[in-house]
Amino acid sequence: MINFILYIFILALWNVVLFYDKSYGISVLLFIIPLLILIYNVLKKNNKIKNKYGLLFMIPIILLSSTYFIFDSSVFKELNFLAIILLFILMYIFTIKPNYNLFSLIKESFDLLFKPFSLIGDYFELVINKISKKIKIGSKSKKIIKSILICTPVVIVVLALLSSADMIFDKIFSNIFNKFFNLFDSSIFGKFILFIIIFFLIGDTLLYLIKKYPKEDEFKIEKDILDISTIKILITTLNIIYLIFDFIQIKSLIFHYGLDSINYAEYARQGFFELMIVSVINISVLLLAKNSKSNKKDQKYINIMSIFMVFLTLIIIISSFLRMNLYEQAYGYTTLRLLVYISLITEIILLIPTILYIFKENFNVLKYYLIIILSVYTIINFINIDYIIARRNVNRYYEGKEIDISYLENYHTDNLKVLSELYKNCDNETKESLNTYFNNLEDYNSNMKWQEFNISKNSNLKQIKKVD
């Protein structure tokens with residue numbers, strides 16, 4: 001590990017150059033690739049790669065990182081940040097200690113998020129040892145440096161809390177801090193803080209993977225979470241309820257029975273989110289049912305009820321899909337509504353490995369769930385959702401229906417091509433609104449740095465200049 005400290009030091013500096021006071025762009029990809037190279041080499045040198053297939057998580061990590069360079073999405077910029085962190089955690093788990101137990105996977109994910117911070121002292125010591133080899137530092141000096149580095153953040157937090165609690169105390173120390181910080185350029189101090197955070201975050205995590213992971217006391221969970229009688233009652237009761245519900249859905253949504261006094265779109269307005277959650281609950285129940293200890297007779301009954309539940313769940317998902325479609329036709333298109341469609345389609349695909357799981361012994365359903373969910377999530381990052389939503393709403397406008405133009409006027413550029421077309425074919429009020437939006441967007445992106453370079457911004461901002 002000590003041999004990689006210089007690499008981590010350079011990577012932390014590179015992070016500051018790429019991200020400090022800048023928007024995400026090509027910078028994400030330029031940071032992620034050398035980070036993955038570092039992780040691979042550290043794991044390989046320490047013989048931690050137990051499953052090479054776990055390294056395949058690098059593919060969606062790189063693909064999602066590239067979206068910051070290719071698109072300028074209003075949806076995925078923040079979402080992908082969390083997704084990339086989760087993918088790193090899954091890569092560590094499946095590469096070092098392959099585990100397809102859902103409960104264990106969740107626990108180990110939380111461990112990898114928080115437990116590396118317990119090794120800050122050990123990492124300090126490694127850094128000091130590395131420095132002391134280059135410049136001679138005595139053991140006493142090493143202890144002093146280590147103590148200062150550990151105590152400084154604690155002292156800063158305490159001073160901040162006390163300053164918040166007492167105005168006189170705050171006045172005294174704020175004057176001292178102001179005089180100290182005035183000696184430095186504020187940006188230099190901010191860059192230094194970012195460097196320290198990244199330097200220790202990367203170092204602590206890698207040290208934890210090498211020294212503490214996997215643990216000897218592997219998290220275990222009992223297979224029979226619920227007894228067989230409880231499962232039988234639960235799955236039978238739910239199937240009866242769903243059978244009644246699905247019967248009502250087929251009559252109302254397909255045959256319009258009982259809707260004489262109700263607006264059809266209003267009837268569809270509520271329910272799609274609730275039905276989507278119900279379908280997720282159903283999949284969870286099916287997984288629990290399979291995990292229960294049972295004899296052949298009970299297992300056969302559960303299998304039949306499980307297949308019946310899969311069929312009823314499919315009808316519920318289709319019902320949710322129809323409700324969303326009706327509501328969308330009446331009230332227009334939004335990103336959230338499109339994502340609901342994608343989620344429902346994903347749930348339908350997930351039913352396929354669920355059916356195989358019901359009948360097949362030792363079928364690794366979690367593995368296929370992960371593959372399907374990761375594949376769908378990565379694909380939707382590349383379909384340009386902002387453009388699709390803008391196109392569908394503008395088409396509504398051309399059909400004489402109302403659209404909320406302010407919803408489309410965000411500070412992202414993926415929908416600019418469509419809005420530029422709309423500008424040439426809209427009424428004066430809409431044209432005036434778009435003109436103000438275009439001017440603001442140009443000003444917002446006028447000082448774009450090379451680290452923020454983005455293909456969508458570079459190409460679509462040119463559309464504005466073509467507008468008369």
task = Scan LYS462, LYS431, LYS449, LYS457 and give me the residue that is basic (Lys, Arg), in the same structural domain as GLU409 (by TED's automatic domain parsing) and modelled with pLDDT under 85.
result = LYS462
key: Qualifying residue in segment 72-81 (condition: more than 26 Å from ILE196 (Cβ to Cβ) and either free of Cβ contacts under 8 Å to residues at least 24 places away in the same chain or of a type in the set (D, E, K, R) (or both))   = yes
task = State all residues of segment 78-127 that are surrounded by fewer than 17 Cβ atoms within 10 Å (Cβ to Cβ) and either touching a Lys or Arg at 6+ places or on another chain (Cβ under 6 Å) or not assigned by TED's automatic domain parsing to the domain that holds TYR24 (or both); if no residue qualifies, say none.
result = TYR100
task = Scan segment 421-439 residue by residue and report those that are loosely packed, with under 13 Cβ neighbours inside 10 Å and free of Cβ contacts under 8 Å to residues at least 12 places away in the same chain.
result = ASP427, ASN428, GLU429, GLU432, THR436, ASN439
message = TYR301 - would you say it is more than 26 Å from the chain's Cα centre (by Cα) and under 25 Å from ILE235 (Cβ atoms)?
response = yes
query = Can you tell which of ILE176, ILE196 is modelled with pLDDT under 75 and among the hydrophobic types (A, V, I, L, M, F, W, C)?
reply = ILE176
task = Please identify the pairs in which a residue from segment 448-467 that is touching a residue at least 40 places away in the same chain (Cβ under 8 Å) and closer than 21 Å to ASN435 by Cβ has its Cβ atom under 7 Å from the Cβ atom of a residue that is surrounded by fewer than 19 Cβ atoms within 10 Å (Cβ to Cβ) and of a type in the set (D, E, K, R), counting only partners at least 6 apart or on another chain.
result = ASN460/LYS417; LEU461/GLU442; GLN463/LYS417; ILE464/GLU442
request  = Say whether the condition of being surrounded by 15 or more Cβ atoms within 10 Å (Cβ to Cβ) and either more than 22 Å from ILE373 (Cα to Cα) or basic (Lys, Arg) (or both) is met by at least one residue in segment 52-68.
outcome  = no
query = Just a yes or no: is a residue in segment 408-420 over 25 Å from ASN80 (Cα atoms), buried (at least 18 other Cβ atoms within 10 Å of the Cβ) and at pLDDT 90 or above?
reply = yes
message = With touching a residue at least 40 places away in the same chain (Cβ under 8 Å) and among the aromatic types (Phe, Trp, Tyr) as the only criterion, which of TYR377, TYR341, TYR368, TYR387 stands out?
response = TYR377
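Could you tell me how many of the residues in segment 387-407 are among the polar types (S, T, N, Q) and either within 30 Å of the chain's Cα centre (by Cα) or crowded, with 17+ Cβ neighbours inside 10 Å (or both)? Working first, answer last.
So the first thing to find is which residues in segment 387-407 are among the polar types (S, T, N, Q), and the list is 393, 395, 406.
The next check asks that each one be either within 30 Å of the chain's Cα centre (by Cα) or crowded, with 17+ Cβ neighbours inside 10 Å (or both); those that pass are 393, 406.
Selection size over segment 387-407: 2.
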note = When every residue in segment 14-41 that is at pLDDT 95 or above and over 23 Å from the mean Cα position of the chain (by Cα) is compared, the one nearest to ASN458 (Cα to Cα) is TRP14
inquiry  = Suppose the filter is outside any helix (DSSP H, G or I) and in the same structural domain as LEU56 (by TED's automatic domain parsing); does TYR24 pass it?
reply    = yes
key: Criterion: assigned to a helix (DSSP H, G or I), touching a Gly at 6+ places or on another chain (Cβ under 8 Å) and under 22 Å from PHE4 (Cβ atoms) - qualifying residue of LEU113, LEU87, LEU126   = LEU126
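Given the criteria of a type outside the set (Ser, Thr, Tyr) and modelled with pLDDT under 80, does ASN295 qualify?
Numbers: of a type outside the set (Ser, Thr, Tyr): yes; modelled with pLDDT under 80: yes.
Considered against the rule, which asks whether it is of a type outside the set (Ser, Thr, Tyr) and modelled with pLDDT under 80, ASN295 comes out as yes.
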remark   = Flagged pairs (Cβ under 6 angstrom, 6 or more apart or on separate chains; first in segment 182-209, over 26 Å from ILE93 (Cα atoms); second modelled with pLDDT of 90 or more) are LYS191/VAL16; LYS191/TYR20; LEU194/VAL16; LEU194/TYR20; PHE195/ALA12; PHE195/VAL16
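The values are calculated or read from the model by the stated rules, or taken from the named source; none is laboratory data. Owing to the predicted nature of the structure, the values given are computational and were not obtained by experimental measurement. Heads up, the Cβs are rebuilt from the backbone with ideal geometry, glycines too, and the neighbour counts pull from every protein chain shown.
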